[in-house]
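Structure record follows, encoded as structure tokens.
Here, each number is a calculation from the coordinates, and none is a lab measurement. Just so it is clear, the structure is predicted and the values come from calculations on it, not from any experiment. Quick reminder, even Gly has a Cβ in these numbers, built from the backbone with ideal geometry, and neighbours come from all protein chains shown.
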Amino acid sequence: MKFVVLVVLIGSAIQAQQPPEDPLRGVLFPPEAIMQNQQALGLTDDQKNKLKTDVRLAQALFNMMQWKLEDAVEKLVTLLNAPKVDEKPASEQLDKVLNAERDIKRTQLLFLVRLKNVLSAAQQTQLRELLQKSKSPR
């Protein structure tokens, strides 16, 4: 009996640790999915050009943002490596790290929104279906 209770408790703990399903899945589309399905979606030349431009600009922006984040993290680690950590500077540097992370996430979301808006409603539906088929077992 004790073994069954232990198994149930462990199973519950493992279930609680699993991340929830992504609520944005099927709502926004990764750029790779659009690129890999451009013919099936019937993208126009204008749509392809817009997507290419958006991806290029985003890559450059994300690169700069990543440098900023890494710099902030490096400074935080330096502060935390001291034998005695001064909380005020550590807290201020942590805020810089968190703000940089927030800016990246915000920019990523807006980038995905921009990509979605290039697609027509019919193309979005079709892409959702293509992605669903590729994830289902064959």
Percent breakdown of C-alpha pair distances by 10 Å bin, ordered from the shortest bin, for segment 48-138: 15, 28, 24, 18, 12, 4
Spatially close lysines, pair count over segment 58-121: Cα under 27 Å, gap of eight or more or interchain: 13
Calculated from backbone phi, Karplus (6.51, -1.76, 1.60) coupling profile of segment 50-62 in Hz, x at Gly/Pro: 4, 5, 4, 4, 4, 5, 4, 5, 5, 4, 5, 5, 5
Spin-label pair LYS88/ALA60, simplified geometry with 7 Å Cα→Cβ offset, distance in nm: 4.1 nm
